[in-house]
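Written out below as structure tokens is the structure these notes cover.
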Amino acid sequence: DEIAAPINPKLAEAAAEIENEAEEEAEEGEGASEEEETLETGPDPEEAARRFDSLSKTFVQVQKGMAEKGADDPKVMKLRKKLADEFMELKLSPKMFDMLITQIRRSLTDIRNVEKQVMLLCVRDSGMPRKDFISTFPSNETNLSWLDKHIRAKRKHSAHLAKLREEIEAQQKKLMGVEELTHLSIAGIKEINREIAVGEAKARRAKKEMVEANLRLVIS
């Protein structure tokens, strides 16, 4: 018998929350009067059930594929794209959208905190030149052989790095845990946060321009 891949609790919670909201909207629609039934009161229950069933099946396939082949396998990446496309068909409530944004930002905060600790261990405590750390650690956050390279270099700070190997690698393993939990690379999480920041900046700019335009209309 096949053993089902472990379900990411955060993604499962998000899917369940969306489904609950769809069911609540559907129930509200059923209780409407005949006149109100002519208006759009929420998603069609049967259509919502079909979409969530498809989303659930794709999600399980993605989880199983990542457990067996890894997140970067071409077939798994294709399934992840399919899952993202299906998820994008859903209209998220502001509450759900904010929850997802909060989760990805929390992951970035965790990453930044760990990176700071690694830098302190390497630069402050071991004497590694800051420029060396900044130029080599990015893209090697979860590469445990990264430290070996600097220790083998036999520079002034190499011996100190060797003494702190256990502490440094413990921090790197925390980053590996973040990747495992989110099924995203450290670089991927940072890129998503960058895109979110850009999108929010555009939204704020558009809102400001709209307010200014309305003020000009009022004044004129």
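What follows draws every value from the coordinates through simple rules; no lab data is involved. Worth saying up front: this structure is predicted, and the values here are computed from it rather than measured. All Cβ positions, even for glycine, are placed from backbone atoms using ideal geometry, and neighbour counts span all protein chains on display.
In sequence order, segment 105-117 has phi-based couplings of 5, 5, 5, 5, 4, 4, 4, 4, 5, 5, 4, 5, 5 Hz under the Karplus curve 6.51 cos²θ - 1.76 cosθ + 1.60, θ = phi - 60°, and Gly or Pro positions carry x. Note on Lys81 and Ser56: the model spin-label points, each 7 Å out from Cα along the C-beta direction, lie 2.7 nm apart.
Would you work out the relative contact order for segment 94-220, in percent, from Cα pairs under 8 angstrom that are 6 or more residues apart?
After rounding, I find 30 percent.
Taking label positions 7 Å along the Cα-Cβ direction at both Asp73 and Asn140, the computed distance is 3.0 nm, reported to one decimal. For segment 71-85, putting each phi into the Karplus relation 6.51 cos²θ - 1.76 cosθ + 1.60 with θ = phi - 60° gives couplings of 5, 8, 5, x, 5, 5, 5, 5, 5, 5, 5, 4, 4, 5, 5 Hz, in residue order, rounded to whole numbers and with x for Gly and Pro.
Between Lys156 and Ala206, the contour length at 0.36 nm per residue exceeds the Cα-Cα span by 12.7 nm.
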